[in-house]
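The values are calculated or read from the model by the stated rules, or taken from the named source; none is laboratory data. Keep in mind that this is a model prediction, so the values were computed, not measured. Cβ sites come from the backbone with ideal geometry, for glycine too, and all protein chains shown count toward neighbours.
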Amino acid sequence: MVGESTLHFIEYELQAIALSWLAIVYIIKIWQLSRLKMPWERAEKKGSARSGVLHSYGAIFMPWSMESTRKNVWRWLEFGTYHVGALVAIVNTFTFPFAPGFMTETVRMIFAILIAPSVLIGFIKLYQRITKRELRIISTPDDYFAVASMQFFLFFAVIALWTNAPVWRMWYFLITAFFLFYVPFSKISHYIYFFFARFLMGSRYGIKGVLPQSNV
């Protein structure tokens, strides 16, 4: 049996501490990155940096724009489904405690249904990383730990939403707090760096004019 005061601390105070830690670490990381010298682009300008950036972000929603997803649409669907589930699980860490009026039974069921497929896909990812030689070669202990940890986070999100039981909410938010402390030092940080990488890559390729003609 989970006491009301214990659950309140885990959902509010502990989350506030963990979020503060996350913000502080990322501010330090951003400060460190900002001190690195950015090499100037010396290539002749043949296109538009803006078009490059738009294409770089837009490619996420256009599976036909990349050979890897054009030849294997399942990979794109897998990527999208997994990350939609992860996003909903993250949003839920805020709506559950801070918007209880919004979290009706219907909303909870919708959230759980959106997250559930990502749990299955996560098991597939973990299985492939273990069984496929080409993935084992490039995998580090952090890769396995990150995928496994994400599985716990998503699984407990579904159970907490489906049951709304204090004990499952407690485990869900304990794992959430752990994640907030762990993520800045793991490869899961790609969810932050992804946006910067896409912007830089798109602007560079856009300036060089090496985008598909229809998108330049």
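Restricting region 118-146 to residues that are polar (S, T, N, Q) and more than 25 Å from A157 (Cα to Cα), the residue that is modelled with the highest pLDDT is T131.
Residues of region 194-216 include none that is surrounded by 14 or more Cβ atoms within 10 Å (Cβ to Cβ), polar (S, T, N, Q) and within 16 Å of A86 (Cβ to Cβ). Counting only helices (runs of 4 or more DSSP H) that sit completely within region 1-101, those holding 1 or more residues that are modelled with pLDDT of 80 or more correspond to 4-8, 14-34, 49-58, 73-98. Among residues of region 127-151 being surrounded by 16 or more Cβ atoms within 10 Å (Cβ to Cβ) and within 29 Å of R108 (Cβ to Cβ), the one that is nearest to the chain's Cα centre (by Cα) is M150. Quick one: in region 153-176, of everything that is surrounded by fewer than 21 Cβ atoms within 10 Å (Cβ to Cβ) and touching a Leu at 6+ places or on another chain (Cβ under 7 Å), which residue is farthest from A18 (Cα to Cα)? Here the answer is P166. Checking each residue in region 184-216 for being part of a helix (DSSP H, G or I), of a type in the set (A, V, I, L, M) and over 21 Å from F111 (Cβ atoms) picks out I192, A197, L200, M201, I207. Among the residues of region 77-86, count how many are in contact (Cβ under 8 Å) with a residue 40 or more places away in the chain and touching a Phe, Trp or Tyr at 6+ places or on another chain (Cβ under 9 Å). Of the residues in region 77-86, 1 are in contact (Cβ under 8 Å) with a residue 40 or more places away in the chain and touching a Phe, Trp or Tyr at 6+ places or on another chain (Cβ under 9 Å). Within the set A59, A89, A99, the sole residue that is under 23 Å from L14 (Cα atoms) and either over 20 Å from the mean Cα position of the chain (by Cα) or without any contact (Cβ under 8 Å) to a residue 40 or more places away in the chain (or both) turns out to be A99. In region 110-126, is there at least one residue being over 19 Å from I10 (Cβ atoms), touching a residue at least 12 places away in the same chain (Cβ under 8 Å), charged (D, E, K, R) and surrounded by 16 or more Cβ atoms within 10 Å (Cβ to Cβ)? Scanning region 110-126 turns up at least one residue that is over 19 Å from I10 (Cβ atoms), touching a residue at least 12 places away in the same chain (Cβ under 8 Å), charged (D, E, K, R) and surrounded by 16 or more Cβ atoms within 10 Å (Cβ to Cβ).
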